[in-house]
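A.B. asks: This is the structure I have questions about; it appears just below.
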Amino acid sequence: MAENEGKGTFHGKGSGYSPKIGDLFLKDYNGVDWASHIGIVRTDAANGSFSSVEGNSSNSVASNTRNVSDYCYVTPPFNGSSVGAAPLAPQREIVIELPGGLGKIYTYETWNREEHGYSAWNSDSAQKKLITVSKQRNEYSFDGEGYGFVGKRYVVAMTSTFGDIGDYVDIYCADGRVINAVIGDEKSQTYEDWDNNPANKWGHENGQIVVEFLTNWSANPLHENPSSNGGVLKVINLGNYFNYPEYAIGFDGTGGVADSNSGKSITSIQTMSYIGASVDFRENPLNSKKMLNQNNIELYISGAEGVIYKPVVVDEITWETEAYGSPAQLEFTIIKDAYISFEEGDQVIFKYKGAPAFYGFIFQKQRTKQHHIKVTAYDQTRYFKNSDCFVFEGCTATEIVKSICNDYKIAYGQLEDTGIKLPLTVCDNVQVFQIIENALDYTVAQGGYRFLLWDNFGSLVLAPKFWYKKNYVVCDFTAQDFDYTTTINEGTYTRVKLYYDNDQTGTREVYIRDKSAEYPKFGVLQYCSTLDEGEDGVKKAEEIIKITTNKIRKLDIKGALGDVTVRGGTQVYVELNLGDIIQKKWMECFSAKHTFKNGEHFMDLHLVGGQFI
């Protein structure tokens, strides 16, 4: 039984109290006399013990594991509204900025390998030390999805560019997330797999795999690797767990970006004023009508008062789609006559050989002296380019999509259940596309499938990515040409130059690490940046120069035989001799542009996957 003594809350020995972070523990204290020893509880109690911070422990300040039942406790007062101590300061802050477009793929590795029959970590290795020490401190754990933790930080594998095993790293993603982690294993910088997949200083697959999560073998995610829209921007190294264990639990553990504003945290949303009325759902006016099919092309505009026009098209019709974060676009040019009349916002319907391809709305008209009007239309997902503010908690990505569609009056059909509920999510002036992608990325990070969202002829569809494999082969017979590029123009440096302006001496201190002589064919490709006060210029330059000269590959297919079922996000099989490699594998269409002209249909595809970006 706890009794209030006016200076905090006292919990007697044997009271059954479970100590919390920040409590004081006292030895040999009866509530009256002096205690023989006192320390601070560093972790919440678990399995009958807790970790401590205490002085005069073997004549030093140390962290020990203590039994709950051996002590009594005092919970300090927090003046009513206070909910905790100020966050701990990092041991150091080394900022490693990445070139654009890297870190878009996360992979997985077994952490507790010896418990499941894998070869164990070497007993004297840093990997084994991290497991042993974190277990001793009661900070070794896995969450319900199988992700490994030290304290409140994920355990990840990264290259030595970002630090040593045991280092704290905050990983800043382009979508706004911050992954708070500890490095638990070192990724090779020269690794090549069965697909001759190169690695460099940033990670595997030419730096596309920067982060690899260490997981529980029995719960290892068995789905395809998640892709983060935009990748990793920078990593900040904050010190080492072995030297500064308190920092593993010295933050709120949400893995998000803290709100810098003071006051109560946002946990709900309430509309205080709504003036006016929202548009209702818009229906496809041709759903119940059979139209004439002429030259395999059906293009209709639904104008004022429900009048449907079949315009005369000049030149070609183009239809473009991308896998992520962009609406489908239809462009065509028509002849303006005395009868046709339409405006921005009117509906456009396009079919080819009877197959529905595009349903959307006119957003732009461009006129010429010849009385031609170039029309640009987008599908419903164009409205996901809106910026908005939302508060979600305990919702799946599917429920978030439904809520947004209902708000914007966007028609949807088959929205498969993503299955993973999100924690409290506060969105401030964020593009809706990004809000949805963040929710889908979180789903993958928690062990769910990668889902794709697209507009299926006026009805939104959300389904797992593996549903979108098409029986289409890109080969010498189906593709007129291809554009295959290899380059060292991105993310390759043969010399690093770092500098720090010393205000005390008035000297600019320069640190150079040069390996251009080892790569004479590439010349001097220099990376130049500033150093923060206290940074080790020699060490940082060495970390940055650790890079291989692996080539980036890019593949664009030109003039392939058209198929309206192939669009951004679908997968096609590629069988091509590219000159230096023979490609035989499934690849994703990152973007697809269809061109319809003179009764013919061709498409240009940008393909990604593996070392192709």
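The values are calculated or read from the model by the stated rules, or taken from the named source; none is laboratory data. Since the structure is predicted, the reported quantities are computational estimates derived from the model, not experimental observations. Cβ atoms come from the backbone with ideal geometry, glycine included; neighbour counts cover every protein chain shown. What goes into the accessible areas is simple: the full protein's heavy atoms, side chains included, and nothing from ligands, DNA or RNA. Shrake-Rupley method; radii C 1.70, N 1.55, O 1.52, S 1.80 Å.
Conditions tested, residue by residue: (1) in contact with a helix residue (DSSP H, G or I) (Cβ under 9 Å, 6 or more places away or on another chain); (2) surrounded by 14 or more Cβ atoms within 10 Å (Cβ to Cβ); (3) on the phi > 0 side of the Ramachandran plot.
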{"residue": "363", "(1), (2), (3)": "yes, yes, no"}
{"residue": "369", "(1), (2), (3)": "no, no, no"}
{"residue": "397", "(1), (2), (3)": "yes, yes, no"}
{"residue": "402", "(1), (2), (3)": "no, yes, no"}
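A.B. asks: Restricting attention to the stretch 444-461, report how many residues are more than 23 Å from residue 350 (Cβ to Cβ) and in a strand (DSSP E or B).
C.D. replies: Here is the first cut: in the stretch 444-461, the ones more than 23 Å from residue 350 (Cβ to Cβ) are 444-451.
Now narrow it down to the ones that are in a strand (DSSP E or B): 451.
Residues flagged as more than 23 Å from residue 350 (Cβ to Cβ) and in a strand (DSSP E or B) within the stretch 444-461 amount to 1.
A.B. asks: Being within 26 Å of residue 608 (Cβ to Cβ) and open to solvent by 40 Å² or more (accessible area, probe 1.4 Å) is the filter here, so list the residues in the stretch 330-349 that pass it.
C.D. replies: Just the residues of the stretch 330-349 that are within 26 Å of residue 608 (Cβ to Cβ), to begin with: 330-331.
Of everything in the stretch 330-349, just one residue is within 26 Å of residue 608 (Cβ to Cβ) and open to solvent by 40 Å² or more (accessible area, probe 1.4 Å), namely 331.
A.B. asks: Let me ask something else. Pick from 359, 378, 412, 352: which is crowded, with 19+ Cβ neighbours inside 10 Å, in contact with a Pro (Cβ under 7 Å, 6 or more places away or on another chain) and more than 25 Å from residue 143 (Cβ to Cβ)? If you could, list the steps in order and put the result at the bottom.
C.D. replies: Working: 359 fails: in contact with a Pro (Cβ under 7 Å, 6 or more places away or on another chain); 412 fails: in contact with a Pro (Cβ under 7 Å, 6 or more places away or on another chain); 352 fails: in contact with a Pro (Cβ under 7 Å, 6 or more places away or on another chain).
Answer to the selection: 378.
A.B. asks: I've got another one for you. Kindly establish whether residue 412 is out of contact with any strand residue (DSSP E or B) (no Cβ under 8 Å at 6 or more places or on another chain), of a type outside the set (A, V, I, L, M, F, W, C) and in contact (Cβ under 8 Å) with a residue 12 or more places away in the chain. Show your work before the answer.
C.D. replies: Values: out of contact with any strand residue (DSSP E or B) (no Cβ under 8 Å at 6 or more places or on another chain): no; of a type outside the set (A, V, I, L, M, F, W, C): yes; in contact (Cβ under 8 Å) with a residue 12 or more places away in the chain: yes.
The answer is no for residue 412.
A.B. asks: Taking the condition of being closer than 16 Å to residue 299 by Cβ and either in a strand (DSSP E or B) or not assigned by the TED database to the domain that holds residue 562 (or both), how many residues in the stretch 589-603 meet it?
C.D. replies: Residues in the stretch 589-603 being closer than 16 Å to residue 299 by Cβ and either in a strand (DSSP E or B) or not assigned by the TED database to the domain that holds residue 562 (or both): 6 in total.
A.B. asks: Given the residues 597, 593, 558, 585, which is the only one that is over 24 Å from residue 356 (Cα atoms) and touching a residue at least 24 places away in the same chain (Cβ under 8 Å)?
C.D. replies: On the way: 597 fails: over 24 Å from residue 356 (Cα atoms); 593 fails: over 24 Å from residue 356 (Cα atoms); 558 fails: over 24 Å from residue 356 (Cα atoms).
It is 585.
A.B. asks: Give me the residue from the stretch 286-315 that is closer than 17 Å to residue 354 by Cα and among the β-branched types (Val, Ile, Thr) and, out of that set, modelled with the highest pLDDT. Even if it seems obvious, please write down each step before you answer.
C.D. replies: Going through the stretch 286-315, the residues closer than 17 Å to residue 354 by Cα turn out to be 286-301, 310.
Retained after the next criterion (residues that are among the β-branched types (Val, Ile, Thr)): 297, 301.
On the way: 297: 85, 301: 92.
In this case the residue turns out to be 301.
One line per residue, one yes/no per condition, for (1) more than 18 Å from residue 108 (Cα to Cα); (2) modelled with pLDDT of 80 or more; (3) surrounded by fewer than 19 Cβ atoms within 10 Å (Cβ to Cβ):
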residue: 154; (1), (2), (3): no, yes, no
residue: 176; (1), (2), (3): yes, no, yes
residue: 181; (1), (2), (3): no, yes, no
residue: 187; (1), (2), (3): no, yes, no
residue: 191; (1), (2), (3): no, no, yes
residue: 196; (1), (2), (3): yes, no, yes
residue: 204; (1), (2), (3): no, yes, no
residue: 212; (1), (2), (3): no, yes, no
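A.B. asks: Can you find, within the stretch 604-613, the residue that is nearest to residue 582 (Cα to Cα) among those that are among the hydrophobic types (A, V, I, L, M, F, W, C) and in a strand (DSSP E or B)? Step through it out loud before you land on a result.
C.D. replies: Here is the first cut: in the stretch 604-613, the ones among the hydrophobic types (A, V, I, L, M, F, W, C) are 605, 607-608, 612-613.
Now narrow it down to the ones that are in a strand (DSSP E or B): 605, 607-608, 612.
Working: 605: 18, 607: 15, 608: 15, 612: 13 Å.
Selected residue: 612.
A.B. asks: Mind listing just one residue for me: the one in the stretch 45-68 that is farther than 29 Å from residue 238 by Cβ and either open to solvent by less than 80 Å² (accessible area, probe 1.4 Å) or in the same structural domain as residue 150 (by the TED database) (or both) and, of those, modelled with the highest pLDDT?
C.D. replies: 68
A.B. asks: Do the conditions hold for residue 477, that is, is it farther than 28 Å from residue 239 by Cα and free of Cβ contacts under 8 Å to residues at least 12 places away in the same chain? Please lay out each step first, then the result.
C.D. replies: Details: farther than 28 Å from residue 239 by Cα: yes; free of Cβ contacts under 8 Å to residues at least 12 places away in the same chain: yes.
In short, yes.
A.B. asks: Further, regarding this structure: Filter the stretch 217-227 down to residues that are modelled with pLDDT of 50 or more and open to solvent by less than 30 Å² (accessible area, probe 1.4 Å), then give me how many there are.
C.D. replies: 1
A.B. asks: Quick check: anything in the stretch 496-518 in contact with a helix residue (DSSP H, G or I) (Cβ under 9 Å, 6 or more places away or on another chain) and not in a strand (DSSP E or B)?
C.D. replies: Keep residues of the stretch 496-518 that are in contact with a helix residue (DSSP H, G or I) (Cβ under 9 Å, 6 or more places away or on another chain), which gives 496-500, 509-516.
Keeping just the survivors that are not in a strand (DSSP E or B) gives 515-516.
Yes, the stretch 496-518 contains a residue that is in contact with a helix residue (DSSP H, G or I) (Cβ under 9 Å, 6 or more places away or on another chain) and not in a strand (DSSP E or B).
A.B. asks: Which count do you get for residues in the stretch 562-582 that are open to solvent by less than 30 Å² (accessible area, probe 1.4 Å), out of contact with any helix residue (DSSP H, G or I) (no Cβ under 7 Å at 6 or more places or on another chain) and not in a loop (DSSP other than H, G, I, E, B)?
C.D. replies: Result for the stretch 562-582: 3.
A.B. asks: From the set of residues in the stretch 461-484 that are assigned by the TED database to the domain that holds residue 578 and of a type in the set (Val, Ile, Thr), which is surrounded by the fewest Cβ atoms within 10 Å (Cβ to Cβ)?
C.D. replies: In this case the residue turns out to be 473.
A.B. asks: Oh, and also: Any residue at all in the stretch 419-430 that's under 23 Å from residue 457 (Cα atoms), of a type in the set (S, T, N, Q) and outside the structural domain of residue 174 (by the TED database)? Don't jump to the end; show me each part of the working.
C.D. replies: Filtering the stretch 419-430 down to residues under 23 Å from residue 457 (Cα atoms) leaves none.
No: zero hits.
A.B. asks: Among the residues of the stretch 321-335, are any over 30 Å from residue 468 (Cα atoms), more than 39 Å from the chain's Cα centre (by Cα) and outside any strand (DSSP E or B)?
C.D. replies: No, the stretch 321-335 contains no residue that is over 30 Å from residue 468 (Cα atoms), more than 39 Å from the chain's Cα centre (by Cα) and outside any strand (DSSP E or B).
A.B. asks: Could you tell me whether residue 581 is among the β-branched types (Val, Ile, Thr) and closer than 30 Å to residue 498 by Cα? Quick ask: steps written out before the conclusion?
C.D. replies: Values: among the β-branched types (Val, Ile, Thr): yes; closer than 30 Å to residue 498 by Cα: no.
Here the answer is no, as residue 581 does not meet what is asked.
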